[in-house]
Amino acid sequence: GMALRDAIVQSQLHGGTALGRAIGSLSGLVADRLIVITDEQSHDHVPVSHIKGYLINVASAKNGIGYGRWTHIDGWSEAVLDFIRQIEMANEHY
């Protein structure tokens, strides 16, 4: 159940996050949504998402970054993606 988390942890060096710069580097990418798994700490400003944006906070701290159109989800479980699907299905009916 935690294989995704383990893969993310092992995917890169750790020691600081420039989430704003990372999101900015995606500016030419065509996508329906952006899902960020984070501790909600960043060394730079996190821009407003211009597509459906989800911040999944896996730390014990409260929300700290990415306000505006971001949807905040606190905690992680295998049901997070089902939860996002339900949010999007509910929004389609409005």
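The values are calculated or read from the model by the stated rules, or taken from the named source; none is laboratory data. These numbers come from a predicted model, not from an experiment. With ligands, DNA and RNA removed, areas are computed over all heavy atoms of the protein, side chains included. Shrake-Rupley method; radii C 1.70, N 1.55, O 1.52, S 1.80 Å.
Computed on protein heavy atoms with a 1.4 Å probe, the accessible areas place 67, 54 in the order 67, 54, largest first.
Taking only protein heavy atoms into account and a 1.4 Å probe, give the accessible area per residue of the chain in Å². Walk me through the numbers on the way to the answer.
Details: 6720 Å² over 94 residues.
Normalised by residue count, the accessible surface of the chain is 71 Å².
Of the beta bridges in the chain, as assigned by DSSP with both residues counted there, near 0 percent are antiparallel.
Along the stretch 21-37 the Karplus relation, 6.51 cos²θ - 1.76 cosθ + 1.60 evaluated at θ = phi - 60°, assigns HN-Hα couplings of 5, 4, 5, x, 5, 8, 4, x, 7, 8, 8, 8, 7, 10, 10, 10, 9 Hz to successive residues, with x for each Gly and Pro. Carbon-plus-sulfur accessible fraction, the stretch 1-91 (probe radius 1.4 Å, protein heavy atoms only): 57%. Distances between placed amide hydrogens fall under 5 Å for residue 46 paired with 66, all partners being 5 or more residues away or on another chain.
Grab the DSSP H runs of the chain that are 4 residues or longer, score each as -39,500 (n - 2.57), total them, divide by all residues and round the 222 nm result to the nearest 500 deg cm²/dmol.
Details: 3 runs with 27 residues, N = 94.
Computed ellipticity for the chain at 222 nm equals -8000 deg cm²/dmol.
Translational diffusion coefficient of the chain (Stokes-Einstein, Kirkwood radius from Cα pairs, 37 °C, 0.692 mPa s): 229 µm²/s.
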